[in-house]
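FYI, it's all coordinate maths here, none of it is from the lab. For clarity, every value in this text was computed on a predicted model and none was experimentally measured. Note that we place each Cβ from the backbone using ideal geometry, even for glycine, and neighbour counts take in every protein chain shown.
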Amino acid sequence: MDGVLDFFSRNLVAISTAALSGIASFIATKFADAVYQRWYKRRLVRRMLLHEKKHGKRQAVLILSIGSDIKETVLQDLRARGWLEAKEPEETDIPVFTIHQPEALTSETGQWHAYLDKVKTQVNELREAGINRLHLYARLPVALAVMVGTTLSNAPFMTHVYHHQNGRYEAVGLIAFETTRL
């Protein structure tokens with residue numbers, strides 16, 4: 001026992017220096033990573049804004065629903081925001097796309113994948129049309145919403161997600177390519 005105490009008393013400075021050095025390097029690494037992530041996110045946003053400036057801001061609305069159709073409430077919200085002037089969405093500057101399935105999904109995976117395939121097809125059409133900003137309104141089962149979110153996270157445009165709460169839609173999040181934090 002005396003040997004252990006003698007060892008620690010002789011090497012106390014070395015042990016404390018090593019511990020402090022480890023803690024300091026951990027803090028410095030986390031700080032450098034946070035600075036890098038912030039810089040990278042700003043770089044992506046800056047590049048997106050430059051692209052919008054060069055090519056114009058091309059945006060669209062995507063309405064996804066299963067069960068009850070939310071198209072009319074979304075159109076009312078878009079009119080309240082001033083995005084839709086006319087009564088019909090086909091006559092406006094911002095195109096509105098709807099994927100609706102009136103019947104609820106069952107436990108058959110084929111139904112789930114068929115709906116997700118429709119979403120993927122629509123996302124590909126939006127990509128080809130040069131859309132760089134998408135406004136997403138959805139009423140979906142949670143599992144399907146996760147799969148749709150994963151699909152949209154690989155899309156080359158920013159997706160603003162809206163949630164219906166207290167009788168109106170609120171912007172609650174942003175899905176962008178390689179975005180890891182909100």
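For Cα pairs less than 8 Å apart in space and 6+ apart in sequence, what is the mean separation divided by the residue count of the chain, i.e. the relative contact order in percent?
20 percent
I want the antiparallel fraction of DSSP beta bridges within the chain, as a percent rounded to 5.
About 30 percent, rounded to the nearest 5.
With just the Cα atoms defining each centre, how far is the range 1-45 from the range 121-154? Give it in Å.
42 Å
Only Lys, Arg, Asp and Glu count, each charged at its Cβ (+1, +1, -1, -1), so figure out the dipole size of the chain about its Cα centre, rounded to 20 debye.
Dipole size: approximately 900 debye.
Would you calculate a helix-derived [θ] at 222 nm for the chain, using -39,500 (n - 2.57) for each DSSP H run of n ≥ 4 and dividing by the full residue count, to the nearest 500?
-18000 deg cm²/dmol
Take the cross-link list K30/K53; K41/K118; K30/K120 and give me the ones stretching past 32 Å between alpha-carbons.
Over 32 Å apart, Cα to Cα: K30/K53; K30/K120.
Using only the Cα atoms of the range 115-176, build the gyration tensor, take square roots of its eigenvalues as a ≥ b ≥ c, and label the shape rounded, prolate or oblate: rounded if a/c is under 1.5, else prolate if a/b is larger than b/c, else oblate.
In terms of gyration-tensor shape, oblate.
Suppose each label sits 7 Å from its Cα in the direction of the beta carbon; what would the I15-K53 distance come out to in nanometres?
5.9 nm
For the Cα atoms of the chain, what angle does the longest principal axis make with the long axis of helix 109-128, in degrees from 0 to 90, nearest 10?
The angle comes out at about 90 degrees.
Could you check the spin-label model distance between E125 and E85? Points 7 Å from the Cα along Cα→Cβ, value in nm.
Calculated label separation equals 2.5 nm.
Could you give the angle, 0 to 90 degrees to the nearest 10, between helix 142-153's Cα long axis and the longest principal axis of the Cα atoms of the chain?
Relative to the chain, helix 142-153 is tipped by roughly 80 degrees.
Report, to the nearest 10°, how far helix 12-55 tilts away from the longest principal axis of the Cα atoms in the chain, using its own Cα long axis and a range of 0 to 90°.
20 degrees
Of the listed values (i) 76, 31, 27; (ii) 87, 46, 33; (iii) 39, 35, 29, identify the label whose number matches Cα extents along the principal axes in Å calculated from this model.
(ii)
Contour minus end-to-end for L116 and N154, with contour as 0.36 nm per residue of separation and end-to-end as the Cα-Cα distance?
Gain on stretching L116 to N154: 12.3 nm.
Which of I175, L78, F31 sits closest to the plus end of the dipole of the chain, meaning its Cα is farthest towards the positive end, when Lys and Arg get +1 and Asp and Glu get -1 on the C-beta?
Comparing the listed Cα positions along the dipole, F31 ranks first.
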